Every structure is written in structure tokens, then in C-alpha cells.
Amino acid sequence: MAILEVDKVTKRFGGLEALRDVDLRLESGELVGLIGPNGAGKSTLFDVVSGVTRPTSGKVFFQGEDITGMKPHRIAEKGLARSFQATRLFGNLSVLKNIQLACHIPARTNIAGDVFRLPSVRQRESEAQQKAIDIVKLGGLEVVSDELAKNLPHGYQRALGVAIALAVEPKLLCLDEPVTGMNAEETRFMMGFIEKIRKEGITILLVEHHMKVVMDICDRITVLNFGRKIAEGKPDEIQGNKDVIEAYLGRPEDVT
């Protein structure tokens with residue numbers, strides 16, 4: 001059984017068709033890239049998969065369950081998490097506190113326990129702190145763990161956004177352009193982080209414009225153009241695909 005299956009998903013915004021009959025399948029443990037020119041429909045597909053927007057037609061299945069149109073927090077609780085192009089952080093909290101706060105999301109809350117500081121609440125907080133520390137170590141963020149999020153360099157802020165997504169204990173992690181705006185050193189750091197996440201057994205769906213990153217770390221790549229899937233295959237197959245080359249560069253007769 002696939003961990004994620006997108007079945008003939010179409011999404012229209014008024015008269016604009018952002019996606020048409022898109023199919024996508026991820027097996028457990030895979031790292032799959034989703035690429036395409038600007039406006040190809042990548043972010044819209046991410047929004048459909050994560051519940052941010054409901055498809056006009058088609059279905060999304062996660063671990064065999066139909067999650068089409070389900071609320072984002074419900075989908076996250078089931079083990080499907082995503083990062084965002086715009087990193088959402090609590091700027092006046094430390095790196096560790098940002099992650100620790102997110103670690104409370106999967107836990108069941110108990111208002112009476114929180115008010116009276118029952119042992120179960122203290123245990124939950126201790127567990128959240130330890131989990132946050134483990135995520136900090138996984139991401140190589142120890143050197144900045146006590147820094148305020150607002151003071152971090154861009155690369156570390158992006159890495160923190162991914163670390164926060166890990167706090168919900170995902171089985172599938174959708175990464176939306178994780179190396180955007182990074183220099184070469186920051187990009188290598190993020191690529192290493194992504195590889196570590198994969199070794200933890202987490203399946204990854206990656207949207208990224210940085211082609212070297214995609215070609216270097218992905219098992220398979222799916223290509224969208226004008227809302228349609230135009231190619232799918234291994235990185236070397238995609239690099240030589242005529243339709244993909246035309247989508248990015250235009251037909252030879254169009255180039256002057």
C-alpha cells in the first residue's frame with residue numbers, strides 16, 4: 001500500500017484550472033521530488049494534500065484512508081506534516097522553545113491538569129523537552145539552540161521550520177522549497193538535514209526549484225506543467241526528457 005496516493009485531482013479557482021487529473025503515488029520511505037516551472041501547480045497540489053484547500057474533484061489517500069478535504073490539523077494528527085515557503089516562527093522564543101512548543105501538538109490536553117500542574121502534565125512537558133532536544137540534534141542545530149529565532153541567519157531559520165514540522169512526528173513530510181534563498185553552504189547543510197530525516201524512516205515529498213538538490217537526493221521526480229503531470233521517473237530519466245526540457249526552456253522554435 002502506498003503511503004500517499006493522489007488520484008485524478010483537479011483544482012479550479014473560478015475560471016483558472018490550477019490542476020487537472022493529477023496522479024501521484026509515494027511508497028513508504030521514498031524521497032520524491034515535485035518540480036515544474038513557476039505556476040505549474042506545485043504549491044496548489046501541496047495545499048490539496050495537506051488539507052489547506054479542497055480539490056474540485058479527485059481524491060487524496062494517506063495510508064489507505066481517504067483524507068480529501070479533511071482539516072489540516074486532522075491530517076497532521078494522522079502523520080502528514082508540511083513546511084512552508086514562508087518560515088513561520090515565534091521570533092522571541094529560542095530555537096529549542098519553538099520546537100518544544102510544537103512538540104505539544106500531538107499530545108492530548110487536559111485543562112484541569114494544566115491548571116493544577118498534575119504529575120501527568122509535568123511528565124508531558126518533560127517528554128516534549130526531550131523530544132525537542134532530539135530534533136535539535138538531528139538537525140545539527142545545537143550551536144543555535146538557545147538563540148532567539150528572530151536572530152537566526154536565513155539558513156538556520158529555514159532549518160528550524162523543518163524541525164518544527166518534525167515535532168508532530170510525521171510519517172510523511174512535505175517540504176515546500178526548503179533551500180529557497182540559501183547560499184551554497186546553507187544548501188549543503190539543509191541537504192544533509194533532509195538525508196538524516198529520511199534515514200529516520202520518514203517519507204518525503206519535496207517541492208524545490210534548485211535542480212541540483214532535486215537531482216542529487218530524490219529517488220523519483222514528478223514534473224508538473226500548467227497543472228498537468230507531464231513526466232515521472234528517476235532523476236537521470238527526467239534530465240533527458242524532451243517534454244521537461246521544453247517546459248523549462250521552451251520549444252527550439254520559440255527560442256530566439
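We did not get these values from a lab; they are worked out from the coordinates using the rules stated. Everything numeric in this text was worked out from a predicted model, so none of it was measured. Every residue, glycine as well, gets a Cβ built from its backbone with ideal geometry; the counts of neighbours run over all protein chains shown.
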*At a Förster distance of 22 Å, what's the computed FRET efficiency of Arg122 paired with Asp146, Cβ-Cβ distance as r, to 0.05?*
0.50
_Rounded to the nearest 20 debye, what is the charge dipole size of segment 10-65 about its Cα centre when +1 sits on each Lys and Arg Cβ and -1 on each Asp and Glu Cβ?_
240
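Given Cβ point charges of +1 (Lys, Arg) and -1 (Asp, Glu) and nothing else, what value in debye, to the nearest 20, does the dipole of the chain about its Cα centre take? Don't skip to the end; give the middle numbers.
Working: 34 positive and 35 negative charges, 163 e Å.
The calculation lands at about 780 debye.
Structure shown: which of Lys97/Lys131; Lys150/Lys212; Lys71/Lys171; Lys171/Lys196 lie over 20 Å apart, alpha-carbon to alpha-carbon?
Working: Lys97/Lys131 11 Å; Lys150/Lys212 29 Å; Lys71/Lys171 17 Å; Lys171/Lys196 14 Å.
Going by Cα-Cα distance, Lys150/Lys212 fall outside the 20 Å limit.
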*Name the long-range amide H neighbours of Arg82: under 5 Å, sequence gap of 5 or more, or other chain; modelled H, no Pro or chain starts.*
Cys174
*Between Lys242 and Thr10, what FRET efficiency comes out of the Förster formula 1/(1 + (r/R0)^6) with R0 = 25 Å and r the beta carbon distance, rounded to 0.05?*
0.45
*Apply 1/(1 + (r/R0)^6) to the Cβ-Cβ distance of Asn38 and Glu232, taking R0 = 22 Å, and write down the FRET efficiency to the nearest 0.05.*
0.65
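Within a Cβ distance under 9 Å of Pro178, other residues only, what is the Lys/Arg minus Asp/Glu net charge?
Details: positive: Arg158; negative: Asp176, Glu177, Glu208.
So the environment of Pro178 carries a net charge of -2.
How much net charge surrounds Pro72 when only the other residues with a Cβ under 14 Å from the Cβ of Pro72 are counted, with Lys and Arg +1 and Asp and Glu -1? Intermediate values should be presented prior to the final figure.
Details: positive: Arg54, Lys71, Arg74, Lys78, Arg82, Arg88; negative: Asp47, Glu77, Asp176.
Summing Lys and Arg as +1 and Asp and Glu as -1 gives +3.
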*asked:* Given a 10 angstrom Cα cut-off, can you work out which residue in Glu195, Glu185, Glu125 is the most mobile in a GNM of the chain?
replied: Glu185
*For the chain, with the dipole built from +1 on Lys and Arg beta-carbon atoms and -1 on Asp and Glu ones, taken about the Cα centre, which of Ile133, Val22, Leu173 lies farthest toward the positive end?*
Ile133
_Just to be sure I understand the curve: with the Debye formula and one point per C-alpha of segment 168-212, what is log10 I(q)/I(0) at q = 0.18, 0.28, 0.29 Å⁻¹?_
-0.54, -1.10, -1.14
*Under a 5 Å amide H to amide H cut-off, with H placed in plane at 1.01 Å, what residues pair with Glu208 once short-range neighbours are removed?*
Leu34, Glu177
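Less than 12 Å Cβ to Cβ from Val52, Lys/Arg counted +1 and Asp/Glu -1: what total charge do the surrounding residues give?
Values: positive: Lys11, Arg54, Lys71, Arg82; negative: Asp47, Asp176.
Charge balance in the 12 Å sphere: +2.
So what is Rg over Rh here for the chain, counting just Cα atoms and using Kirkwood for Rh? Mind showing how you got there, number by number?
Working: Rg = 19.4 Å, Rh = 19.3 Å.
Here the Rg-to-Rh quotient is 1.00.
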